[in-house]
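Structure, as C-alpha cells:
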Amino acid sequence: MTDTTTPGGGARTLRVAVLSFAHVHAASYIALLRDRPGVELLTADPDAASAPADELRGREFAAQHGAPYVDTYAEALAWGPDAVIVCAENARHRDVVLAAAGAGAHVLCEKPLATRVEDAEAMVAACDAAGVHLMTAYPVRFSPEFATLRGLVEDGALGTVLGGTGTNNGKVPAGRAWFTDPELAGGGALADHVVHVADLLDALLGQEVVAVRAVTNRVLHGDDPRVRAETGGLVSLTYAGGAEVTVDCSWSVPDGAATWGGLTLQVVGTSGTVEIDPFGAHVGGLVAGGGRQAWLGFGENLDALMLEHFLGCVRSGAAPGPDGRTGLRTLRAVVAAQRSVAEGGSVVRLDA
C-alpha cells in the first residue's frame, strides 16, 4: 500500500491511472481527474486494437480528452500509481484488477465487478492479500436522494421494509459494441442494469439476497444483429429479512431520447412508502428551431461525488464503499437471475 503523505506530513500529489477506455464512464473520470488539484493522471488502453473501427479508443481517445497516455498497463503500473480506475470490458476486469493489486494500487472498478462469481472472488482476495482497497463503481449510492431514503429507513420512519420496486432503463449502448456482446459484457440489460438497484438495496437493507427469479426477452432491438444479449427483463429479489423487490431492467429508451435513461426506487414499509428518482431533476422542453427534445439536468454530479469519496479514502487509508464484497454480492444476484432465466424462470436459492 502506498504512502500518500509527504515527509513533512502533508498530503502529496496522488498518482491515478485510468486503465482502459472501454466503459462509457472513462471520459467522465478523465474529465474529473485531468485538472484536479493534487492529482496526477495517466491513462492506458492496450485492448483498443480489438475494438471495432467506429469506437474511438487508445491514444486518439486520450488526446481528444487531454489525458497523458502510455501504450500498456505494465507501463502505467510501473509509474507507481496510488490508485487505478478500471474501465475495461467486464470480462477483462479480473486481469486488470489483479495486476493493479500486485502493483500496490488501490482500485475503483467499474460495475459489474466481473462476469463470473469466481473472478470477483479472486479480485477481492487479491486486493485483500495486497493490502489495498477495492471499490465497486456504483455512483447512484452517492446521490442525495438515496441518502435521504437511507436515513428514513435507518431512523425507522418507514417501519419494517416489506418490499419495493426498482427500475433501471436506458438506451441500448451505442459506440461501445462490447456492451451487447454476452461474452465481454457478461449479459445484456440484466447484467448492465440490475446491479445498480441491487447495490442500493444492499446498502438499504444490509441483508443478503436469498432467492431470485427472473425472465428476459429480446423483443426490443430484436432486428439488430449487433445486439446478441437480452434487452429487457424482470427480476424478483427476496432478502433474508423477507423483503420482496422487483427490478425492471431494459434498454427501452429510444435512441433519439434527450437523455440516456434513468433509475427509480420505491420502498414500501409498514409505516410508509418513499420513491426516489435520482436522475429526474431537470428542465425539459423543445430546442427552438430544431424541434428536438431538451433535457437540462441539474444537481450533483454523482461520478464526482463517488471519486471524491474514493480519493479521500486513498489519502486517509479508510475503507471505501461500496467495496469489492458489495460488488461480489450484487454479482451473485445477477448470476442467479441469469440461471433462473436459463431454467425457464425458476426460483434460484442463494442460501442453499
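If you go through the stretch 230-255 and keep only what is in contact (Cβ under 8 Å) with a residue 24 or more places away in the chain, assigned to a strand (DSSP E or B) and surrounded by fewer than 23 Cβ atoms within 10 Å (Cβ to Cβ), you end up with G232, S236, T238, Y239, E244, T246, D248. Select from the stretch 256-278 the residues that are closer than 24 Å to R141 by Cβ, free of Cβ contacts under 8 Å to residues at least 40 places away in the same chain and part of a loop (DSSP other than H, G, I, E, B) and list them in ascending order. Answer for the stretch 256-278, where residues must be closer than 24 Å to R141 by Cβ, free of Cβ contacts under 8 Å to residues at least 40 places away in the same chain and part of a loop (DSSP other than H, G, I, E, B): just T259. The condition (being free of Cβ contacts under 8 Å to residues at least 60 places away in the same chain and of a type in the set (G, A, S)) is satisfied by just one residue among A147, A114: A147.
Scan the stretch 57-90 for residues that are over 22 Å from A130 (Cα atoms) and either open to solvent by 30 Å² or more (accessible area, probe 1.4 Å) or free of Cβ contacts under 8 Å to residues at least 60 places away in the same chain (or both) and the total you get is 15.
Among the residues of the stretch 159-173, which ones are modelled with pLDDT of 95 or more and buried (at least 20 other Cβ atoms within 10 Å of the Cβ)? Selection gives V161, G164, G166, N168.
Taken over the stretch 211-229, the residue count meeting the criterion of being at pLDDT 95 or above and crowded, with 18+ Cβ neighbours inside 10 Å is 5. Residue count for the stretch 197-253 satisfying the condition of being within 19 Å of the chain's Cα centre (by Cα) and among the aromatic types (F, W, Y): 1. Among the residues of the stretch 186-210, the one identified as open to solvent by 30 Å² or more (accessible area, probe 1.4 Å) and farther than 20 Å from V274 by Cβ is E208.
Only one of the numbered conditions (1) open to solvent by 40 Å² or more (accessible area, probe 1.4 Å); (2) under 30 Å from D223 (Cα atoms); (3) of a type in the set (K, R) is violated by R176, and that is (1). Does the stretch 30-60 hold any residues that are touching an Asp or Glu at 6+ places or on another chain (Cβ under 7 Å) and either in a helix (DSSP H, G or I) or at pLDDT below 95 (or both), and which are they? Passing the criteria: L32, P46, R57, G58.
The values are calculated or read from the model by the stated rules, or taken from the named source; none is laboratory data. Small disclaimer: the values here were computed from a predicted structure and weren't measured. So basically every Cβ, Gly included, is an ideal-geometry build from the backbone, and we count neighbours across all protein chains shown. Side chains included, ligands, DNA and RNA excluded: accessible areas come from the protein's heavy atoms. Shrake-Rupley method; radii C 1.70, N 1.55, O 1.52, S 1.80 Å.
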